[in-house]
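*Asks:* What follows is a structure written as structure tokens; I'll ask about it next.
The values are calculated or read from the model by the stated rules, or taken from the named source; none is laboratory data. Every value quoted in this text rests on a predicted model; they were computed, and no experiment measured them. Every residue, glycine among them, receives a Cβ derived from its backbone with ideal geometry; neighbour counts consider all protein chains shown. Note: accessible area is taken over every heavy atom of the protein model, side chains too, but ligands, DNA and RNA are not part of it. Shrake-Rupley method; radii C 1.70, N 1.55, O 1.52, S 1.80 Å.
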Amino acid sequence: TQNFQRLFQSGQANLANNQYEAAVASLSEAVKLNPTDAGALAALKQAEKARDASNTDAKSQAAAKARAATYQKFIQDGQSALSSKRYGDAIKAFNDAQKVLPGDKASKDLLQDAQTAKKSAEDVVAAAAKQRAEDMKKASDLKTALTQGRLALTANDLAKASKLLNQAKAIDPNDAEV
């Protein structure tokens, strides 16, 4: 899947940049999505080995594993929020993941996806609001033209009535009252 590829590539990029904790976190998520992928499994083992080699004492290793678990929770929470279209929650979770493992490519990419999705959703809402406002103005203009046209007919001002009723027809030729 696309998520697997993104996580796998992010893990490899983090590994290449010596960000071993971030690499382990991304590759662990990738392996969860595709547990039989030999490339992901090998890269995960390599990242774990490099992380463990860089954290020589038990305390450092425990802290690294705790950070990785926290990071993975934020990533999972963010992905869940993103798939539920709770973009604000997703953005917060991915930002939190970035704080745990600064410079991680996966959380950075997911954060960008969440921000893009949020903007798209906001644009859709804004377009719908604009369309509604235009529809309301059109309905108001139509009602005004019809009302004034009828008043002109009642006053036997045929020229004005014709002009106003033609104006109403131009606003909405499909309206039953036109």
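*Asks:* In contact with a Lys or Arg (Cβ under 6 Å, 6 or more places away or on another chain) and β-branched (Val, Ile, Thr) - does that describe any residue in the stretch 35-53?
*Replies:* no
*Asks:* Moving on. Go through (1) of a type outside the set (Val, Ile, Thr); (2) farther than 25 Å from Gln79 by Cβ; (3) in contact with a helix residue (DSSP H, G or I) (Cβ under 7 Å, 6 or more places away or on another chain) and name the single condition Ala62 misses.
*Replies:* (3)
*Asks:* Now, a different point. Under 8 Å between Cβ atoms, at least 6 apart or on separate chains: pull out the pairs that start in the stretch 152-178 with a residue that is more than 16 Å from Lys138 (Cβ to Cβ) and end on any residue that is of a type in the set (D, E, K, R).
*Replies:* What qualifies is Ala152/Lys160; Ala161/Arg150.
*Asks:* Write out, first by first residue and then by second, each pair whose Cβ atoms fall under 8 Å of each other, whose residues are 6+ apart or on separate chains, and whose first residue, in the stretch 98-122, is under 16 Å from Ser83 (Cα atoms) while the second is assigned to a loop (DSSP other than H, G, I, E, B) and open to solvent by less than 80 Å² (accessible area, probe 1.4 Å).
*Replies:* Note: pairs meeting the criteria are Ser107/Leu101.
*Asks:* Still on this structure: Within the set of pairs 6+ apart or on separate chains, which have a first residue in the stretch 28-56 that is of a type in the set (A, V, I, L, M, F, W, C), a second that is not in a helix (DSSP H, G or I), and C-beta atoms under 9 Å apart?
*Replies:* Once the first residue is of a type in the set (A, V, I, L, M, F, W, C) and sits in the stretch 28-56, its partners that are not in a helix (DSSP H, G or I) give Ala30/Asp37; Val31/Asp37; Leu33/Thr1; Ala40/Asn34; Leu41/Pro35; Ala50/Asn18.
*Asks:* Mind listing whichever residues of the stretch 79-108 are over 19 Å from Lys119 (Cβ atoms) and either in contact with a Phe, Trp or Tyr (Cβ under 8 Å, 6 or more places away or on another chain) or of a type in the set (A, V, I, L, M) (or both)?
*Replies:* Listed by number, the residues that qualify are Asp96, Ala97, Val100, Leu101, Asp104, Ala106.
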